[in-house]
Each structure stands twice: as structure tokens, then as C-alpha cells.
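Notes follow the structure.
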Amino acid sequence: KRKDGQVKISISTKVFGFLINPLEGVITLQQCFKEAQPTDVFLVTCPKSGTTWFKTLLFAIMNRDLYDYDDHPLLTTNPHACVPFFETYAIENATNLRPDLSLLATHMPYTCLPDSILVSGCRIVYVYRDPKDLFVSLWHFANKIRSKELPTLILGEAFEQFCRGVSIGGPFWDHVVGYWKASIEWPDRVLFTKYEDMKNDPQLHVKKLAQFIGYPFSIKEENEGIRQKILDLCSFESLSNLEVNKNGLIRLGQDMVLENKSFFRQGKIQDWKNYLTTEMVERIDEITKHKFKELA
Ligand code: A3P
């Protein structure tokens, strides 16, 4: 974000070499975004932290009065179409704003958030994932969506880039630290939650999520099992087996079209054990320890 209030959007093809068409431009906040409202919810993640999953959970929680579970938009629409990314949405809709959207996602670092998000009092949900799993997921994703003309990205090369901080949204660890500090300073505004926690105890963490964004489950809803219905609807098994997510395409930028299935691989914890060498594990753990020292 520049001092004059403009945001420079620059997505480089050098980041993992998988962005097919780079986007570059300078846009004003007014051009790209409605003013954030106190009731808005922003989902913030580093790519591969479980963005797709949390998009569905938040969408299902916030819109649960509108839809039945056997005729729900998430059964026929890819999560990224239900909950757009601020970055791509902003560019595509610069002249066609939809002020009705109250749930958006972004990979932007904390320091790059538009001022209106910071001052409006809206809720920010940040999702953290173990960097070892996140990296393995990112490497698979990069190869899946990489231009056919480019050679396969070698695991070791991708690892070097990741450890040096080359990633969408900026260096992983700094991204986390930015939102962690914000969650300590404004606990009512920024929820720092973890992919692993949601996996291990989804009942508890989806309840916390709903409470935090101001959509707590009522006793009547609890008796009707709404919480479980939302978890079932948004489960990896359910989403990844839907026709739209197996065979559909999603446009995520001016010329970036991806297969919906590229957002669903395994949805598991500790898959890194199948990919990383002992040296890689030691290195990533060391960086994590060093970078998170100030958070302890
Ligand atoms: P893996 O590659 O480890 O399987 P993002 O949505 O931020 O791009 O993250 C993608 C990761 O989240 C992938 O991880 C994907 O499989 C996993 N994922 C997608 N939907 C999920 C769900 N409903 N539950 C758990 N994990 C999910």
C-alpha cells in the first residue's frame, strides 16, 4: 500500500512460476473496493492454509437462514465463486461493485489491508496451517496448475523458494506474525484459528467461528443439528465429490482459469511426512522457531 492511498497490485510470474498471466496495475481503493462495513467478514489466509474449506464454513454459517441443506449453493457452485477473493474480485469488478457482498477472502499481508477494513470494526478470520503441510500442498498445487510449457517444479527448488519467503501474499512466517499480533491487540476483531484445530475438533471450532463472526448457533439450531449439517456440507469428502468440484472450472483473475479439483487434494494433517527429508524438516522448523520467537 502506498502512502498516497493507492494499492499496487503486482503478481509476478516468478512466484513459483505458476501464474499463467501476470496482472499488474495501480488501482485506488475507491476504484477497487466498497468501504468495509462493521458487519463484513474477511477471511485471510496464506495460500493452501485451507482457504477453500473456511470459505465454505463461513458462507454456510452466515447464510444458514437462506438455504436448505439439500438445495444449497455449495452443492452446485465452487466455493471460490461463492466467496470471491478480494484481489481478483477487486480487479474484475472495479467498475461494477457489488456492495451486497459481506464475506470476502484475501491472501494480503496485514500491512497491505485497505484502511477501511482496519477502521470499520469488521471481523477478520485468519487461518494458520503447519508450514510443512502448507508447503507440500503448495508444491502439488503449483505443479497442477503450472503452464504445460514449463518443466515440473522440483520439490527441492520449491522448498528453497518457500524458505526464502517467495510466496503469494509474501513470506509465510511474516504473514502469520502480522495477523497473530493483530489478534492479540484486537481479539474481538481478529480471530487467529488453525487448520489443524478445525480438523481435530470441528464441532468446537466451528462453534467458535460462528460466535466470533456474530452468528452463534441458537439452542433451537443446536437441537436441530445445524452445526453438524454445516460440517457435513463443508467436509472434504462431500465437497471434493461434487460434480462442480470434480469437473468445473473457476476464473480467478483476468485470464487465470483453474480446475476446481485443484483445490482438493487430500485434506489431511501431516502429509509432509511423505515428502520432506529430515534436513528439510529441520530447516523449516528452525525458521519457524526463529520467526515465531517473539510470539512465545
Ligand atoms: P492438501 O493439498 O494438503 O490436501 P486452499 O484452499 O487454501 O488452497 O488450501 C487447499 C488445501 O486445503 C488442500 O490441502 C486441500 O485438499 C485442503 N482442503 C480443501 N477443502 C477441504 C476441506 N473441506 N476440509 C479439509 N481440507 C480441505
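When the residues of the range 63-76 are filtered to those that are over 17 Å from the mean Cα position of the chain (by Cα) and among the aliphatic types (A, V, I, L, M), which remaining residue is nearest to the ligand (Cβ to nearest atom)? Don't jump to the end; show me each part of the working.
As a first pass, look at the range 63-76 and keep what is over 17 Å from the mean Cα position of the chain (by Cα): 63-73, 75-76.
From what is left, the residues that are among the aliphatic types (A, V, I, L, M) are 66, 75.
Details: LEU66: 21, LEU75: 13 Å.
Here the answer is LEU75.
Inside the range 141-196, can you point out the residues that are among the aromatic types (Phe, Trp, Tyr) and in a loop (DSSP other than H, G, I, E, B)?
Restricting attention to the range 141-196, the residues satisfying the condition of being among the aromatic types (Phe, Trp, Tyr) are 141, 159, 162, 172-173, 179-180, 186, 192, 195.
Once the filter is applied, which keeps residues that are among the aromatic types (Phe, Trp, Tyr) and in a loop (DSSP other than H, G, I, E, B), the range 141-196 yields only TRP186.
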query: Name the residues in the range 166-203 that are of a type in the set (Asp, Glu) and free of Cβ contacts under 8 Å to residues at least 24 places away in the same chain, would you?
result: GLU185, ASP188, ASP197, ASP201
query: So how many residues does the range 163-182 have that are crowded, with 19+ Cβ neighbours inside 10 Å and in contact with a strand residue (DSSP E or B) (Cβ under 7 Å, 6 or more places away or on another chain)?
result: 3
field: Tally, over the range 99-122, of residues that are surrounded by 20 or more Cβ atoms within 10 Å (Cβ to Cβ), closer than 24 Å to PHE292 by Cα and either more than 16 Å from the ligand (Cβ to nearest atom) or over 16 Å from the mean Cα position of the chain (by Cα) (or both)
entry: 2
query: Restricting the search to the range 64-87, which residues are touching a helix residue (DSSP H, G or I) at 6+ places or on another chain (Cβ under 8 Å) and not aromatic (Phe, Trp, Tyr)?
result: ARG64, HIS72, PRO73, LEU74, LEU75, THR76, THR77, ASN78, PRO79, HIS80, CYS82, VAL83
- request: Could you please find all residues in the range 121-138 being small (Gly, Ala, Ser) and modelled with pLDDT of 95 or more?
  value: SER137
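Kindly indicate whether TYR195 is of a type outside the set (A, V, I, L, M, F, W, C), within 17 Å of LEU43 (Cβ to Cβ) and more than 12 Å from the ligand (Cβ to nearest atom).
When the stated conditions are applied, TYR195 does not pass them.
Which residues, taken from the range 205-221, are among the hydrophobic types (A, V, I, L, M, F, W, C) and either on the phi > 0 side of the Ramachandran plot or within 16 Å of the ligand (Cβ to nearest atom) (or both)? Walk me through how you get there before you give the answer.
Taking the range 205-221 first, the residues among the hydrophobic types (A, V, I, L, M, F, W, C) are 206, 209-210, 212-213, 217, 219.
Residues satisfying the conditions are VAL206, LEU209.
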- line: Within the range 218-249, the count of residues that are of a type outside the set (Val, Ile, Thr), within 19 Å of SER262 (Cβ to Cβ) and in contact with a helix residue (DSSP H, G or I) (Cβ under 7 Å, 6 or more places away or on another chain) comes to 8
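Among the helices (runs of 4 or more DSSP H) confined wholly to the range 226-292, which include 2 or more residues that are more than 15 Å from the ligand (Cβ to nearest atom), surrounded by fewer than 16 Cβ atoms within 10 Å (Cβ to Cβ) and in contact (Cβ under 8 Å) with a residue 40 or more places away in the chain? Before the answer, list the steps.
Values: elements: 226-233, 236-240, 243-247, 278-291.
Correct list: 278-291.
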field: Qualifying strands (runs of 3 or more DSSP E) (wholly inside the range 1-120; at least 2 residues being modelled with pLDDT under 75)
entry: 6-11, 23-28
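Can you pull out every residue in the range 120-165 that is under 14 Å from PRO47 (Cα atoms) and of a type in the set (Val, Ile, Thr)?
The initial filter retains those residues of the range 120-165 that are under 14 Å from PRO47 (Cα atoms), namely 126-142, 145, 162, 165.
Listed by number, the residues that qualify are VAL127, VAL136, ILE145.
The values are calculated or read from the model by the stated rules, or taken from the named source; none is laboratory data. Just so we're clear, the structure is a prediction, and the values are computed from it rather than from any experiment. Counting neighbours? That spans all protein chains shown, and the Cβs are built from the backbone with ideal geometry, glycine included.
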